[in-house]
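Below is one structure, written out as structure tokens; the observations come after it.
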Amino acid sequence: MNIYDLVVKRIYELCDLRGITPNALSYLAGVSQSTIKSILNGESKNPGIVTLKKLCDGLEISIVDFFNTSDFINLEQEIK
């Protein structure tokens with residue numbers, strides 16, 4: 001699994017944990033529904049740190065908490 005897939009997976013996990021939909025997250029985070037949709041559908045392969053920070057704010061977690069999972073910790077370094 002690559003980092004883009006892990007970001008999508010993590011967003012879904014966090015929405016499930018909070019009992020909200022991605023559309024509700026867009027409202028809470030102040031991010032457009034089209035932006036969330038493009039991230040979750042793989043159309044945006046690089047959502048950017050500012051967008052991720054807004055999503056974390058909407059989820060009431062830190063950016064560190066977002067990435068503090070075994071999936072991200074065990075992710076191999078990508079050198080291109």
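The values are calculated or read from the model by the stated rules, or taken from the named source; none is laboratory data. Computed from a prediction, not measured in an experiment: that's the story for all the values here. Cβ placement follows ideal geometry from the backbone for every residue including glycine, while neighbour counts extend to all protein chains displayed. These area figures cover heavy atoms from the full protein model, side chains too; ligands, DNA and RNA do not enter into them. Shrake-Rupley method; radii C 1.70, N 1.55, O 1.52, S 1.80 Å.
Taken as a whole, the structure leaves Gln77 outside the set of residues that are open to solvent by 70 Å² or more (accessible area, probe 1.4 Å) and in contact with a Ser or Thr (Cβ under 7 Å, 6 or more places away or on another chain).
For (1) touching a residue at least 60 places away in the same chain (Cβ under 8 Å); (2) not polar (S, T, N, Q), each residue gets a yes or a no:
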site: Leu6; (1), (2): yes, yes
site: Leu25; (1), (2): no, yes
site: Ser34; (1), (2): no, no
site: Ser44; (1), (2): no, no
site: Gly48; (1), (2): no, yes
site: Val64; (1), (2): no, yes
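For Ile79, the requirement of being assigned to a loop (DSSP other than H, G, I, E, B) and at pLDDT 95 or above is not met.
In the stretch 1-55, the residue that is surrounded by the most Cβ atoms within 10 Å (Cβ to Cβ) out of those that are of a type in the set (A, V, I, L, M, F, W, C), modelled with pLDDT of 95 or more and not in a helix (DSSP H, G or I) is Val31.
State whether one or more residues within the stretch 57-72 are part of a helix (DSSP H, G or I), of a type in the set (S, T, N, Q) and surrounded by 11 or more Cβ atoms within 10 Å (Cβ to Cβ). Scanning the stretch 57-72 turns up no residue that is part of a helix (DSSP H, G or I), of a type in the set (S, T, N, Q) and surrounded by 11 or more Cβ atoms within 10 Å (Cβ to Cβ).
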